[in-house]
Amino acid sequence: MDFSSKLLEHAVYEMSQLPGIGKRTALRLVLHLLKQSESRTENLSNALVQLRNTVQYCKNCHNISDTELCEICVNTKRDSTLVCVVEDIRDVMAIENTGQYRGMYHVLGGKISPMEGVGPQDLTIRSLIAKARSGEIKELIFALSSTMEGDTTNFYIFKQLEGVGVKTSTIARGIAVGDELEYADEVTLGRSILNRVPFEGSLNNN
């Protein structure tokens, strides 16, 4: 792709580094921004810089937050003994949109994937196990995608919890194997949470 401007080429290159954005789409987005008012472009760039510089991760659940503790963790109306284990914030948002879940979350920050060089030490599993051993949790709900990496992560955590006395369950398989939670419709996801099954029982069905 030939560019008449080095500045344009650089902007397109940076935009194309975003997931799912090819160079043609990046060019279309950059040209769109050029047609907008200067203030509109500045508002976008300022929002991104502010996000990058000031966003925090909740010290309790590791969800993205504006403060030390996220709004979910400080909500006294939620059940703090029930924790849903998810991969990232997109899964939190998907489950929250169902309106069917009133417990807490624990965001792992990914899934165990030896192929991608991601091990248990790269995730927030250690703090989850510590929380479970503290006696604060009665039930953990595994809500990772039903992929090989998701199942591996679930099983690893399950084995780490042996003897701790915490109930473990997994969302019902209304979510198709291989599907990501963020793409599931709200009704299906909500039912999968409500109709969760014991995790140990799910092992016998695999």
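Every number here is computed from the coordinates shown, using simple stated rules; none is lab data. Quantities reported herein were computed from a predicted structural model and do not represent experimental measurements. Here Cβ is always computed from backbone atoms with ideal geometry, including for glycine, and neighbour counts include all displayed protein chains.
What is the antiparallel percent of DSSP beta bridges lying wholly in the chain, to the nearest 5?
Details: 5 of 18 bridges.
Just about 30 percent of them are antiparallel.
List, in the order given, every pair from Lys111/Lys159; Lys23/Lys111; Lys6/Lys35 whose Cα-Cα distance in the structure shown is over 24 Å.
Exceeds cut-off: Lys23/Lys111.
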Query - Point-charge dipole on Cβ atoms (K/R +1, D/E -1) for the range 1-44, about Cα centre, debye to 20 - result: 180
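Pull out the extension gain between Glu200 and Thr76, defined as 0.36 nm times the separation in residues minus the alpha carbon to alpha carbon distance; nm, one decimal. Walk me through the intermediate numbers first.
On the way: separation 124, 0.36 × 124 = 44.64 nm, distance 3.05 nm.
Full-extension gain reported as 41.6 nm.
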Query - Inter-centroid distance (Cα atoms) of the range 131-152 relative to the range 50-99, Å - result: 16
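What trypsin sites (Lys or Arg not before Pro) does the range 103-173 have in DSSP loop regions with at most 16 other beta carbons within 10 Å? Write out the running numbers ahead of the final one.
Values: sites: Lys111, Arg126, Lys131, Arg133, Lys138, Lys159, Lys167, Arg173; in loops: Lys111, Lys138, Arg173.
Answer by residue number: Lys138, Arg173.
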Query - Rounded to whole Hz, the Karplus (6.51, -1.76, 1.60) HN-Hα couplings of the range 151-160, x for glycine and proline - result: 5, 4, 5, 4, 5, 4, 5, 4, 5, 5
Query raised in the report: Most mobile of Glu38, Glu162, Glu87 per a Gaussian network model of the chain (Cα springs, under 10 Å)?
Result: Glu38
Query raised in the report: Which angle between 0 and 90 degrees, to the nearest 10, do you get for helix 6-16 versus the longest principal axis of the chain when only C-alpha atoms count?
Result: 20
Query raised in the report: Projected onto the charge dipole of the chain (+1 at Lys/Arg Cβ, -1 at Asp/Glu Cβ, origin at the Cα centre), which of Thr98, Phe142, Ala132 gives the Cα projection farthest towards the positive end?
Result: Ala132
Requested in this report: Please list, in chain and number order, the residues 5+ apart from Phe142 or on another chain whose amide H is under 5 Å from its amide H, with Hs placed from the backbone.
Outcome: Val85, Ser169, Thr170, Ile171
Report summary line: Comparing Leu189, Leu51, Leu82 in a Gaussian network model of the chain (Cα, 10 Å), the one with the largest mean-square fluctuation is Leu51
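Given charges of +1 on the Cβ of Lys and Arg and -1 on the Cβ of Asp and Glu, with all other atoms neutral, how large is the dipole of the chain about its Cα centre, in debye to the nearest 20?
The calculation lands at about 220 debye.
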Query raised in the report: Counting only Cα, what are the radius of gyration and maximum Cα-Cα distance Dmax of the chain, in Å?
Result: 20.4, 66
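Fewest first, what order do Arg52, Arg196, Arg78, Arg102 take by the number of other Cβ atoms within 10 Å? Mind dumping the intermediate values first?
On the way: Arg52 8, Arg196 19, Arg78 15, Arg102 11.
In increasing order of surrounding Cβ atoms, one gets Arg52, Arg102, Arg78, Arg196.
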Query - Between helix 38-54 and the chain: long-axis angle, C-alpha atoms, 0 to 90°, nearest 10 - result: 40
Query raised in the report: Which order do His32, His10, His106, His62 fall in if you start with the one that has the fewest other Cβ atoms within 10 Å?
Result: His32, His10, His62, His106
Requested in this report: Amide H neighbours of Gly103 under 5 Å, at least 5 residues apart or on other chains, H built in the peptide plane: list them.
Outcome: Asp79
